[in-house]
Amino acid sequence: MSDTESLIRAAQEAAAHAYIPYSNYPVGAALQAANGRLYLGCNIENASYPAGICAERVALVKAVSEGVREFDVIAVVTRDGGSPCGICRQMLSEFGPQMRVIIARDDGQITFDGNLSDLLPLAFNGSSLLID
Ligand code: THU
């Protein structure tokens, strides 16, 4: 099995933990850090709808909260190959604007394989805020 296939497999397995009583739309994410570690996430919904969180951000906050800030690639799996939302693109961009993004359907078929900067061109970043 290739690295890409095993990353997609990990995201598929993460999606199985999705807590989705409202949308019934499972999402799984597998975020590969530059140090080789893998962080998994699933979407976690809430009766107060805006309190829910996407799979990609769950994976990211798990990593960053453990001191890991450099990432190579994220695989995201949904039933139809739906792509990461704008908030997730923005949060991922903070830590890896050039990271590789693989989007796949839950049958493993890849629907996108490219760079985060292709998904979020002209991203807002901290350089706008660091002017004296
Ligand atoms: N969702 C994600 O987990 N990631 C995305 O990038 C898009 C949407 C989740 C949020 C919600 O639980 C469900 O998909 C339907 O919007």
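A single entry from GLU5, GLU13, GLU45 fulfils the requirement of being farther than 21 Å from GLY108 by Cβ and either surrounded by 13 or more Cβ atoms within 10 Å (Cβ to Cβ) or of a type in the set (S, T, N, Q) (or both): GLU45. Inspection of the stretch 87-95 identifies no residue that is out of contact with any Leu (no Cβ under 7 Å at 6 or more places or on another chain), on the phi > 0 side of the Ramachandran plot and more than 10 Å from the ligand (Cβ to nearest atom). Here the stretch 83-132 is the region considered, the condition is being among the acidic types (Asp, Glu) and surrounded by fewer than 17 Cβ atoms within 10 Å (Cβ to Cβ), and the residue that is farthest from ASN35 (Cα to Cα) is ASP132.
All conditions in (1) surrounded by 14 or more Cβ atoms within 10 Å (Cβ to Cβ); (2) modelled with pLDDT under 95 hold for ALA55, with the sole exception of (2). Is one or more of the residues making up the stretch 61-80 touching a residue at least 12 places away in the same chain (Cβ under 8 Å), open to solvent by 70 Å² or more (accessible area, probe 1.4 Å), under 14 Å from ASP106 (Cβ atoms) and not β-branched (Val, Ile, Thr)? Yes; the residues of the stretch 61-80 include at least one that is touching a residue at least 12 places away in the same chain (Cβ under 8 Å), open to solvent by 70 Å² or more (accessible area, probe 1.4 Å), under 14 Å from ASP106 (Cβ atoms) and not β-branched (Val, Ile, Thr).
For the stretch 24-40, residues that are open to solvent by 60 Å² or more (accessible area, probe 1.4 Å) and assigned to a loop (DSSP other than H, G, I, E, B) total 4.
The values are calculated or read from the model by the stated rules, or taken from the named source; none is laboratory data. Treat the numbers as computed from the prediction; the structure is a model and nothing was measured. Methodologically, a virtual Cβ is constructed for each residue, glycine included, from the backbone with ideal geometry; neighbour enumeration extends over all protein chains shown. Areas reflect the complete protein model, heavy atoms only, side chains present, ligands, DNA and RNA absent. Shrake-Rupley method; radii C 1.70, N 1.55, O 1.52, S 1.80 Å.
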